[in-house]
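> There's a structure below that I have some questions on.
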Amino acid sequence: AAAAAERERERRERLISLTGRKDLFDVAWDGTEQDLGDDYVPTTEELRGLVTDADALEAIARMRRDARRTAEEKVTIAEQTFGLVDETVKRLDADLAKFEELLKGSGEFEAITGGAKPNDLAAIQVTPNSQDWILAKVISQDP
């Protein structure tokens, strides 16, 4: 704790010497310096002074490693998710093809071209070659 307090005191002195702005800190009733608050944004000079601080450089390197590790984990999770979704879509396509063959074999499957009769339900594309389909009731059929 004493070492951390000493580092903080040195940091404050360095910031004051870099900027010449003693007003960055308020002086408490007992004469100790206190930070103005979390909303304070350091100047470029202050940040440049921190870059020469070995502890600050170590913290920056640690945060960079953590950020890189987190990004790699997210990429790995995305790749795994893509693989699972791809496998599921392929399995569903295969199951759909098997079901279509089963319906064709039983005579319950009718081709879209002219097989529907009035009052039948049919899945139709909203626009040709789109992925949007709707379920509609057949009212009439053009010959």
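> Considering (1) more than 30 Å from Glu8 (Cα to Cα); (2) at pLDDT below 80, say which one Asp120 fails and leave the rest.
Among (1) more than 30 Å from Glu8 (Cα to Cα); (2) at pLDDT below 80, the lone unmet condition for Asp120 is (2).
> Right, another one. Of everything in segment 1-24, what is modelled with pLDDT of 70 or more and surrounded by 15 or more Cβ atoms within 10 Å (Cβ to Cβ)? Give them in sequence order.
Arg11, Arg12, Arg14 - these are the residues of segment 1-24 that are modelled with pLDDT of 70 or more and surrounded by 15 or more Cβ atoms within 10 Å (Cβ to Cβ).
The values are calculated or read from the model by the stated rules, or taken from the named source; none is laboratory data. Treat the numbers as computed from the prediction; the structure is a model and nothing was measured. Reconstructed Cβ throughout: ideal geometry from the backbone, glycine too, with neighbour counts over all protein chains shown.
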